[in-house]
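These notes concern the structure reproduced below.
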Amino acid sequence: MPLLNKVRTAASGGSGGDTATRSLSRLRSALTLFFALDGFLFAGWVVRIPAVKEQTGASAGDLGLALLGVSAGAVVTMTLTGRLCRRYGSHAVAVATAVLLSLSVALPALTRSPLALGLVLLVFGAAYGGINVAMNSAAVDVVTALRRPVMPSFHAAFSLGGMLGAGLGGLLAGSLSPTAHLLGLTVVGLALTGAAGPVLLRHPSPAPPEALLSPSPAPGTRPDAPAPRRTVLVFGLIALCTAYGEGALADWGALHLTQDLHAHPGVAAAGYSVFALTMTAGRLSGTALLERLGQTRTLVAGGATAAAGMLLGALAPTVWAALLGFAVTGLGLANIFPVAVARAGALAGPGGVATASTLGYGGMLLGPPSIGFLADRFSLPTALTTVAALAAGAAVMGYLARDAKAARTV
């Protein structure tokens with residue numbers, strides 16, 4: 001494998017160091033583009049949901065059932081993608097699922113009934129779940145080879161892609177039909193996959209230099225034995241706690257501002273935008289933060305910050321204090337999910353990434369209905385404090401898992 005030979009030469013101080021560095025740099029750039037593309041395509045679909053609802057004649061209940069197709073397809077595929085990555089390589093799976101995601105994003109606009117919409121969203125959800133596991137698995141390998149905690153930068157690209165996709169979709173909504181818009185997304189997705197995909201396909205997943213230089217294991221040892229599943233599940237639960245907060249604020253933040261604090265609709269709409277902006281900013285600075293604090297301190301500090309921010313956001317008596325709380329929550333949650341996925345991947349490879357991603361996605365699905373149930377039983381501000389509770393739980397779990405070590409090299 002040429003790349004591994006170059007890494008070996010670089011690790012030994014030979015002339016292949018520059019080549020290996022360039023290869024890793026190209027891999028990182030290509031993966032960053034894939035993360036941005038994922039967020040861009042998903043956000044582009046989300047902003048056209050109202051138009052597709054009208055086009056299919058779906059009721060609110062019909063639309064809710066159809067949208068479950070995305071969740072069902074994603075969760076099922078996430079549980080399988082880890083095996084596909086081990087068999088075919090995370091790079092090949094990432095490229096294949098990027099093509100499928102680009103093609104399937106156009107399908108909802110071609111449907112004329114809620115049933116057809118639900119069926120095509122199964123395909124879209126399967127592609128979305130698959131590319132998330134494959135990309136994160138590939139990113140874990142790059143992070144390990146670089147020996148720098150750059151995972152948050154990949155997730156920042158996803159957030160930036162989502163913001164661009166949503167903003168562009170909003171601008172085009174008045175002038176383009178859903179069919180034209182989503183077909184345009186297909187063209188953009190295939191073009192970007194065609195540009196970045198060959199980089200992934202030409203280069204195998206990099207191995208860290210220490211893995212290439214380490215002596216052979218003693219007879220009877222198992223260097224590739226998987227990490228305890230319980231430890232991987234802990235990081236999956238940490239990811240769940242983060243995604244729960246994202247889902248809750250996306251669906252209930254604006255309603256809290258209007259219903260409980262009587263905010264103007266325009267100000268209320270800015271609630272999630274403030275949260276998303278600070279989360280993106282936090283991820284852009286995540287590598288520097290991880291290099292300064294380390295993974296455990298970042299998890300603990302992030303969870304504690306998010307808990308304090310969400311208590312302010314949920315219980316503040318004024319709109320502006322609540323918006324400040326949302327902003328602080330975004331900063332706190334920003335790097336917890338990337339770190340949790342990276343740790344799970346370092347412990348158990350693609351299977352660990354699949355476990356953490358599945359639990360994390362489950363948390364995003366669990367958040368909105370849980371908040372709704374608790375709001376009916378108690379109140380919406382009280383329900384939103386569960387975001388703070390889970391963020392604090394993530395901080396505690398991150399501290400307790402501080403000594404987890406990878407039992408295999410990825």
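In the context of the full set of protein chains, the chain has a per residue accessible area of 42 Å² (1.4 Å probe). Surface composition of the stretch 277-410: carbon and sulfur make up 68 percent of the accessible area, probe 1.4 Å.
The share of alpha-carbon pairs in the stretch 297-368 lying farther apart than 14 Å comes to 65%. Taking the longest Cα principal axis of the chain as reference, the axis of helix 229-255 is set at about 30 degrees. Taking 1.306 mPa s as the viscosity and 10 °C as the temperature, the Stokes-Einstein diffusion coefficient of the stretch 142-181 based on its alpha-carbon Kirkwood radius rounds to 130 µm²/s.
Helix 319-333 and the longest principal axis of the Cα set of the chain meet at an angle near 20°. Multiplying the residue separation of L255 and A60 by 0.36 nm and subtracting their alpha-carbon distance yields 68.4 nm.
Its Cα centre serving as origin, the chain has a Cβ charge dipole (Lys and Arg +1, Asp and Glu -1) of approximately 1240 debye. Candidates A314, T280, A348 compared by Cα position along the dipole of the stretch 253-410: farthest toward the positive end lies A348, with charges placed on Cβ.
Relative to the first principal axis of the alpha-carbon coordinates of the chain, what is the inclination of helix 2-11, with its axis defined by its Cα atoms, in degrees from 0 to 90 and to the nearest 10? Rounded to the nearest ten degrees, it is 70.
Remark: the S285-A173 segment gains 37.1 nm on full extension, using 0.36 nm per residue and subtracting the alpha carbon distance. For the stretch 291-410, the dipole from Cβ point charges (+1 on Lys and Arg, -1 on Asp and Glu) about the Cα centre works out to 320 debye, to the nearest 20. Figure legend: label point modelled 7 angstrom from the Cα of A269 along Cα→Cβ; residues of the stretch 140-182 with amide N under 18 Å from it are 163-176. Modelled label positions at H262 and R83, each set 7 Å beyond Cα in the direction of Cβ, lie 5.8 nm from each other.
Shape summary of the chain, radius of gyration then Dmax from alpha carbon positions: 21.3, 70 Å.
The values are calculated or read from the model by the stated rules, or taken from the named source; none is laboratory data. This is a predicted model, so every value here is computed, not measured. Positions of Cβ are generated from backbone atoms using ideal geometry, with glycine treated the same way; all protein chains shown enter the neighbour counts. Surface accessibility is based on the protein's heavy atoms, side chains included, excluding ligands, DNA and RNA. Shrake-Rupley method; radii C 1.70, N 1.55, O 1.52, S 1.80 Å.
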